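Remarks on the structure that follows.
The values are calculated or read from the model by the stated rules, or taken from the named source; none is laboratory data. Fair warning: this is a prediction, and the values are worked out from it, not measured in the lab. Glycine also receives a Cβ, built like all others from the backbone with ideal geometry; neighbour counts cover every protein chain displayed.
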Ligand code: ADP
Ligand code: ZN
């Protein structure tokens, strides 16, 4: 049997194990790795993805069936991206068929063909009166012709024509036959003529950064470490300009769907280049088009959230990862990958530069700078010349808050509001109150499915569990002693009411996931803020990311202690990043802003150092702490998480998993810790626990996982236990 004529295929619709072996189709070339094939299964046929070419198969030759048909002439991905996908499957211990399927638009997973290049139609240019004479007795031809004449030389896409007139294709053929209409392929844009607006003149710092990042000279990873409003985006735009001019594509990643339109708009305002924007809000058809346009090179700019790191590009010249520290780059379920890390790998395999931008770089990235894997380019000044905000810690022990607001904060707010500025209050807690409890027996309302208190929503008259979504109506009085229940603490819903009562003349915009669902609503509120219809902005994390609020005079963190005592090893890093990002919203323009942090722990070293030395000082200390305590990035982790309805089978499974390849399989290079209960042990009516594998050497951990995870997959699993593995976890609680 000739080598390569045996294929290992992941078969849809799940593309999971078991992988199946097939013979190459009887006719035509052998399907390549990364192409789709139609294969027989039982009496039916399925779409599959070719994962490997085999030398031999365990399936007896007379039982091997040939592939019915090759669906793609060449791999769906460019070579670098295909390599990254295959590498990621191994690294993150996820079935490679599912990884490739994950990286495909829905329709392609189902076997649909790639959409062809768009075709346009235009009027052939005959004088209008002569043309009209030829369609005088055909009203539909006349109508279509007029539309084409209106559209001019740019013509109309077939899709637009289809929307215009049912049965358009027959009509346009008639027009074509009379020499009145012609089809043409869209011209690829001229790389020398991509600029739509004049680029801004760079500041000296920006220019130095741009010059230090040569385009078109192979792989290099640059960490663009620039304070908020230092003009990082403008630096990206200058790099993109060079890359477009050299005839190559650019891929830009943003951490979340809310920020992609903003980035895409800035790119499209600057460049005439066609763009593909990919995020979770697209319809299947839109996603397929964007994906295919990027792949074929029709889209010169590709912008998207984390999964866009897998979008193939014919001639990629640059990758930009904006807000590289953002936790959203880590996928938290299913295929648990880190998109920033994979972007770096993709750039290196493609031999192109990559820029990671942030005002608060991840400790991982800073260590990579120390180890000379990344080059750091700094922007230390706000472009507008604005100074960093003046910060003030307010000790809540000395200034007891009333309705959440201390007297110094109320004073600062009044001053700012009266002088015409906007103020922003950050409170990362949704709902009316986090606790509803009986003041006598101290019994809080708890979720019946989780180890968690239920959050009280007063307006809706509901108790809601933020972990499992359970909801119920609260009883007015304690079930045991009949005392009326009381709320403790405050979330954004309550603070909004309190603010409206205290500052009735200043409209409040509340931005959190309860109040802002969907992009429309977000745009609406952001518009209201820009037009200054709102004067007080109140919100959760949603407010802290990337948005530019020019007239903010004051930023206040209502509860800086939230997260100060987190049990997660990344807790301090996340808190510092959030505080710095929130603070960065203030003083983006001329006036220096004011930053107020309310805390009960004004002496806490993290807060003190952050105020005194800023993020770089904090990060240096935090990195040392991670080094001395042996946490990432100085150690490498993988968590095996499992859950089951009751504790016994869960323990049984994890203990079995721990010894799946022998009692001391991990050896001295890799520690295997646990089983330990999760921070929230009971969640969604199931018990959660985990094993933690840790090693100082990434390679050792990897080779351990290579042996261990397959063995765990083979284990006999007690009923109703489910488990997953998370390599480089964002959290280990
Ligand atoms: P960052 O991404 O670092 O937060 P931006 O790139 O969004 O900063 O820049 C902040 C603001 O400053 C934007 O409104 C941008 O248009 C403006 N800006 C950036 N660079 C310049 C420049 N060289 N000259 C004038 N304005 C600039
Ligand atoms: Zn719950």
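For the reader, a short list of remarks on this structure follows.
- Condition check for residue 456 on (1) more than 26 Å from residue 582 (Cβ to Cβ); (2) part of a strand (DSSP E or B): one failure, at (1).
- Members of the range 474-496 found to be over 14 Å from residue 453 (Cα atoms) and either surrounded by fewer than 17 Cβ atoms within 10 Å (Cβ to Cβ) or in contact with a helix residue (DSSP H, G or I) (Cβ under 7 Å, 6 or more places away or on another chain) (or both), listed by number: 475, 476, 477, 479, 480, 481, 482, 483, 484
- Taking the listed residues 439, 408, the one that is at pLDDT below 95, over 36 Å from the mean Cα position of the chain (by Cα), more than 26 Å from residue 531 (Cβ to Cβ) and outside any strand (DSSP E or B) is 439, with no other qualifying.
- Of note, residue 562 does not satisfy the criterion of being outside any strand (DSSP E or B), in contact with a helix residue (DSSP H, G or I) (Cβ under 6 Å, 6 or more places away or on another chain) and either away from ligand 1 (no atom under 16 Å from the Cβ) or more than 24 Å from residue 491 (Cβ to Cβ) (or both).
- The range 437-460, residues that are under 13 Å from residue 684 (Cα atoms) and out of contact with any strand residue (DSSP E or B) (no Cβ under 7 Å at 6 or more places or on another chain): 447, 448, 449
- The listed residue being touching a residue at least 60 places away in the same chain (Cβ under 8 Å), more than 27 Å from residue 79 (Cα to Cα) and touching a helix residue (DSSP H, G or I) at 6+ places or on another chain (Cβ under 9 Å), out of 311, 227: 227
- Test result for residue 692, within 26 Å of the chain's Cα centre (by Cα), assigned to a strand (DSSP E or B), closer than 16 Å to residue 729 by Cβ and within 16 Å of ligand 2 (Cβ to nearest atom): no
- Flag if residue 383 is touching a residue at least 40 places away in the same chain (Cβ under 8 Å), closer than 30 Å to residue 616 by Cα, away from ligand 2 (no atom under 16 Å from the Cβ) and in a loop (DSSP other than H, G, I, E, B): yes
- Whichever residue in the range 281-308 is without any contact (Cβ under 8 Å) to a residue 40 or more places away in the chain and not in a helix (DSSP H, G or I) and, among such residues, is nearest to the chain's Cα centre (by Cα): 282
- For the residues 97, 48, 125, the requirement of being under 27 Å from residue 282 (Cβ atoms) and free of Cβ contacts under 8 Å to residues at least 60 places away in the same chain singles out 48.
- Residue match in the range 507-517 (condition: more than 16 Å from ligand 2 (Cβ to nearest atom), surrounded by 13 or more Cβ atoms within 10 Å (Cβ to Cβ) and assigned to a helix (DSSP H, G or I)): no
- Note on the range 221-249: residues that are away from ligand 1 (no atom under 11 Å from the Cβ), buried (at least 22 other Cβ atoms within 10 Å of the Cβ) and in a loop (DSSP other than H, G, I, E, B) total 0.
- Residue in the range 568-579 that is surrounded by fewer than 17 Cβ atoms within 10 Å (Cβ to Cβ) and on the phi < 0 side of the Ramachandran plot present: yes
- Hits in the range 200-215 (condition: within 10 Å of ligand 1 (Cβ to nearest atom) and either surrounded by 13 or more Cβ atoms within 10 Å (Cβ to Cβ) or in a strand (DSSP E or B) (or both)): 200, 202, 203, 205, 206, 207
- The residue list 526, 499 contains one member that is surrounded by 13 or more Cβ atoms within 10 Å (Cβ to Cβ) and either within 16 Å of ligand 1 (Cβ to nearest atom) or within 29 Å of the chain's Cα centre (by Cα) (or both), which is 526.
- Filter result (closer than 24 Å to residue 685 by Cβ and either away from ligand 2 (no atom under 16 Å from the Cβ) or assigned to a loop (DSSP other than H, G, I, E, B) (or both)) within the range 461-479: 465, 466, 467, 468, 469, 470, 473, 474, 475, 479
- Search result, residues across the range 470-483 that are farther than 12 Å from residue 436 by Cβ and modelled with pLDDT of 95 or more: 470, 471
- Any hit, the range 583-594, residues being within 16 Å of ligand 1 (Cβ to nearest atom) and assigned to a helix (DSSP H, G or I): yes
- Scope the range 491-506; condition within 24 Å of residue 465 (Cβ to Cβ) and either part of a loop (DSSP other than H, G, I, E, B) or in contact with a strand residue (DSSP E or B) (Cβ under 8 Å, 6 or more places away or on another chain) (or both); matching residues: 491, 492, 493, 494, 495, 496
- Within the range 673-692, residues that are in contact (Cβ under 8 Å) with a residue 60 or more places away in the chain reach partners that are assigned to a strand (DSSP E or B) and surrounded by 18 or more Cβ atoms within 10 Å (Cβ to Cβ) with beta carbons closer than 9 Å, at six or more positions or on different chains, in the pairs 679/688; 680/688; 681/687; 681/688; 681/689; 682/688; 683/643; 684/643.
- Residue selected from the range 529-544 under the condition in a loop (DSSP other than H, G, I, E, B) and either surrounded by 19 or more Cβ atoms within 10 Å (Cβ to Cβ) or touching a helix residue (DSSP H, G or I) at 6+ places or on another chain (Cβ under 6 Å) (or both), by the criterion modelled with the lowest pLDDT: 544
- Answer residue from the range 529-547, given it is within 19 Å of the chain's Cα centre (by Cα) and more than 16 Å from ligand 1 (Cβ to nearest atom) and is nearest to residue 576 (Cα to Cα) among those: 541
- Test result for residue 571, without any contact (Cβ under 8 Å) to a residue 60 or more places away in the chain and away from ligand 1 (no atom under 15 Å from the Cβ): yes
- Condition met for residue 197 (assigned to a loop (DSSP other than H, G, I, E, B) and either more than 16 Å from ligand 2 (Cβ to nearest atom) or more than 21 Å from residue 580 (Cα to Cα) (or both)): yes
- Qualifying position, being surrounded by fewer than 17 Cβ atoms within 10 Å (Cβ to Cβ), within 27 Å of the chain's Cα centre (by Cα) and in a loop (DSSP other than H, G, I, E, B), among 218, 179: 218
- Residues of the range 383-398 include at least one that is in contact with a helix residue (DSSP H, G or I) (Cβ under 6 Å, 6 or more places away or on another chain) and modelled with pLDDT under 95.
- Out of 398, 442, 448, 430, sole residue that is within 16 Å of ligand 2 (Cβ to nearest atom) and farther than 21 Å from residue 508 by Cβ: 448
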